[in-house]
Structures are given as C-alpha cells and as structure tokens.
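Notes follow the structure.
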Amino acid sequence: MPKVKKKRLSFVIDMTPLVDITFLLLTFFMFTAKFKTEAESQQKFFIQRPKVTADTSKIPERNLAIVKIAIRDTVDGVVVNDTTYNYELINETDRQQVWASLEGLPDKFKVKPMLENISLDLLNTVIRNTRITNPKTVFAIDADRRIRYKWVWDAMEVMRKNRATIFNYVTEKKSGF
Amino acid sequence: MSGASGGLSAPERIKRGKHSKRKKRKRIGFALDMTPLVDITFLLLTFFMFTTTMAAPQAMEMSIPPESVPIEVKENELMTLRLRTDGKLFWNMANDEPKPVAIKDLRKIAEVENLRPEVQNKLITVLKVSEDAKYGDMINVLDELNLAEMKISDVITQKKDDKGNPEKRKRKFTLAPLDTADLRLIKGL
C-alpha cells in the first residue's frame, strides 16, 4: 500500500501569555524568597521542628536569642551523635558585646554568629550576659522534636534562673490545612 | 514582545473581496525565537520555587512562673496531665485516679473541664513531663491545649462580670517534672 503523505500544516503557538505568566511567577518567587541568615548557612545540623496546628504567630526577627537544641552527628569532625546546645544571637551589636564578655572563649569562636556545642554552665552565662546587655531580648527555644525532654527542661530552668520567663518554642506549621 | 507576536497577527484584510487577487505583501516585522528565553525563565522559576521556604518557623509562646514560690492551690481547681516516657498521656482532676487519654483526644477533655461552671476560669493545668519523654510529644500536648483554648476563651469572654464588662480569660498553666510519686500513680496503666 502506498503511503499517502499528508501535508502537515505547520502551526505556531503564541507563547506570549506563557512568558507573561512565567515572568510574573518568577518575579513573585524572587521577591518572596528569603535567604538564610549567616548563622543558618554555616549551621551544620538540621533541626526537625515539632509540628503544630494552633499557633500562627511569627517569630520576632529583632533582638532574638535562640537556644538551639539539636542532634548533631559531628562536632569539629568528631562523631558524637548526641544532643547539643547551641546559642545564636541575631542582633549583631549585642552579639559582639556578649561574645566579648565571655572569658576563656577561644578567639576562633568569637567571630562566629553562633556558639556551638556549649555546656549548660556556659549557656547560663551567655543568657545572663545577654539579659544584661539588652533586656529587651526575646528568647526562643528551637529544639528537635526527637530529643529527650530533659534537654529542654534544663534549658528552661536556666532561663528561669535568669528571669527570662517568657519565651517561644520554635515550631513548624502542620501541613494539610 | 510585539515584534515576536507580529508574525501571528491577522493578515491584513483591506480590499480583499471574494474575487480579488491575493496580493502578497512583504512584511517588515520579524519573529524572535523566544525558546531560549523561556528555557532560562523556567529554570530560574523552578530554582526560586524550590529554594523558597514556605514553611516559615512559627512561634509558640510560653511563660513559666519565676523561680519556685510555692502557690497554694485548691485541690478541685487543679487538672493534672502526666506524660510518660513511652509517650502515653494521663489526666485527672484534683485527686482522682489518672486515666489514660490519647493526645489527640485531650482537646475535648480540656474544653469540658475548663468550662465546668464551678471551676470556670479558675482551673489550673499542670503538665508533668517525664525527663525521658520526647520533646515532640510534649509540644503536641501543648498544641492540643492551645486548640482547646480557642473555645474556652470564646465562651468565657462572652460572659459579663458584675460591672457588665466582658470577662477576661485568665489562663493558668504550669510545667513540672514527673517525679517518682507520679510514676507510681500511673504504673501499670
């Protein structure tokens, strides 16, 4: 059977609306994209935050001090697989003052935005010094949902001792709503 | 963009009757190949779509009482929640026997107990958490209490006090460690 070649009619699709919409979306995402802070991009651990439904308040961005309780696989290259306390202070001028006020802190830590793997005693000192430097500082506990509650309780006791009795738990919104 | 769409606009229809001869006019407009532009745009779009964190962290506010000053509490105005190491939750009013409850059912109980007329707006909730319980479970319990709070404060603020002002919801909540006496109470449940 001879093949009958059908003449194909070439056609052109107008791509203009497509490009319009794509550019619109692109600019939207470009402007809403929030990039990580200095400390976050240097952070070597990932916190699985607890998921909640009830609260909708956003975490304050200024004068914020975060106690990060995370499960870390390594500290300075050594495998630990353990829970650690880390402390981050957002306000840069406060941070310089507080970090400088810590005696016996090696210089290489003083330039970092976050104090990593610190002891409860040191946490106590930093929180106290933070409170002295800037009493308006808002505290937050950013803890992994898998850790033992004791770690959080101890951190809360330290804050209670320093009269930081109002603070925030950093959580994540449950998806599905 | 108009240059690109020029090739797509309708041909001119002036002086074109049924029998008129088609006269091809040379168009001066040109077509721009938009494919690379679209490619790059889509690439950037997908990049920004994937890197944007939509799940911004949320804050759950918490206030704890300052360093232990013993407070006298009426027994019947106390609701105790105990969270055990294995993630099981127990609740009881005053000195009742602790009863197990699933965390997701706590909301109903908290609403009912908080809205009982005799203890309304006076009830103190104590959450006792075992040191070895998971932090995530403890937050789930708090979340349920916060959910219950919506209805509770709704009902209470609709009431009027003696002066005709709407009543204020006073939420009383505290955290405490789970001690051995508590463990004995919920043992075997």
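The values are calculated or read from the model by the stated rules, or taken from the named source; none is laboratory data. All figures in this text were calculated on a predicted structure; none of them were measured in a lab. FYI the Cβ positions are ideal-geometry reconstructions off the backbone, even for glycines, and counts take in every protein chain you see.
Restricting B:A181, B:A110 to residues that are small (G, A, S), in contact (Cβ under 8 Å) with a residue 40 or more places away in the chain and either surrounded by fewer than 16 Cβ atoms within 10 Å (Cβ to Cβ) or outside any loop (DSSP other than H, G, I, E, B) (or both) narrows the list to B:A110. Condition first: farther than 17 Å from B:L175 by Cα, assigned to a loop (DSSP other than H, G, I, E, B) and more than 8 Å from every other protein chain (Cβ to nearest Cβ). Now tell me which residues in the stretch A:130-177 satisfy that. Those that are farther than 17 Å from B:L175 by Cα, assigned to a loop (DSSP other than H, G, I, E, B) and more than 8 Å from every other protein chain (Cβ to nearest Cβ): A:N134, A:P135, A:K136, A:T137, A:N162, A:K174, A:G176, A:F177.
In the stretch B:69-83, the condition of being at pLDDT 85 or above, of a type outside the set (G, A, S) and farther than 30 Å from A:K161 by Cβ is met by no residue.
Selection over the stretch B:153-171 of residues that are over 15 Å from B:V119 (Cα atoms), among the charged types (D, E, K, R) and outside any strand (DSSP E or B) gives a count of 4. With respect to the conditions (1) modelled with pLDDT under 90; (2) under 23 Å from B:V141 (Cβ atoms), A:S119 falls short on a single one, namely (2). Please list, ordered by first then second residue, the pairs with beta carbon atoms under 8 Å, 6 or more apart or interchain, first in the stretch A:5-28 and among the basic types (K, R) and surrounded by 11 or more Cβ atoms within 10 Å (Cβ to Cβ), second modelled with pLDDT under 85 and in a loop (DSSP other than H, G, I, E, B). Listed pairs, sorted by first residue: none to list. Can you say whether B:G87 is within 20 Å of A:V152 (Cβ to Cβ) and under 18 Å from the mean Cα position of the chain (by Cα), as far as the supplied structure shows? The answer is no for B:G87.
Restricting A:V126, A:V152, A:V158 to those that are within 15 Å of A:L64 (Cα to Cα), surrounded by 16 or more Cβ atoms within 10 Å (Cβ to Cβ) and not hydroxyl-bearing (S, T, Y) reduces the list to A:V126. Confirm whether B:T41 is over 30 Å from B:A176 (Cβ atoms), loosely packed, with under 10 Cβ neighbours inside 10 Å, within 9 Å of chain A (Cβ to nearest Cβ) and at pLDDT 80 or above. Criteria not met by B:T41.
Conditions tested, residue by residue: (1) polar (S, T, N, Q); (2) farther than 23 Å from A:R49 by Cβ; (3) touching a residue at least 24 places away in the same chain (Cβ under 8 Å).
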| residue | (1), (2), (3) |
| --- | --- |
| B:E67 | no, yes, no |
| B:E72 | no, yes, no |
| B:T80 | yes, yes, yes |
| B:L89 | no, no, yes |
| B:N95 | yes, yes, no |
| B:I103 | no, no, yes |
| B:N114 | yes, yes, yes |
| B:P117 | no, yes, no |
| B:Y135 | no, no, no |
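Within the set B:L189, B:L127, B:L145, the sole residue that is more than 8 Å from chain A (Cβ to nearest Cβ) and in contact with a Pro (Cβ under 6 Å, 6 or more places away or on another chain) turns out to be B:L189. When restricted to residues that are in a loop (DSSP other than H, G, I, E, B), modelled with pLDDT of 85 or more and closer than 17 Å to A:F167 by Cα, the stretch A:47-72 contains 3. Please go through the stretch A:9-38 and pick out each residue that is part of a loop (DSSP other than H, G, I, E, B) and modelled with pLDDT under 75. Within the stretch A:9-38, A:K34, A:F35, A:K36, A:T37 meet the criteria.
Within the stretch B:34-62, residues that are under 19 Å from A:Y169 (Cβ atoms) sit with their Cβ atoms under 9 Å from residues that are at pLDDT 85 or above and assigned to a helix (DSSP H, G or I), at 6+ positions apart or across chains, in these pairs: B:M60/B:I139; B:M60/B:L142; B:M60/B:D143; B:M60/B:N146; B:M62/A:M156; B:M62/B:L142.
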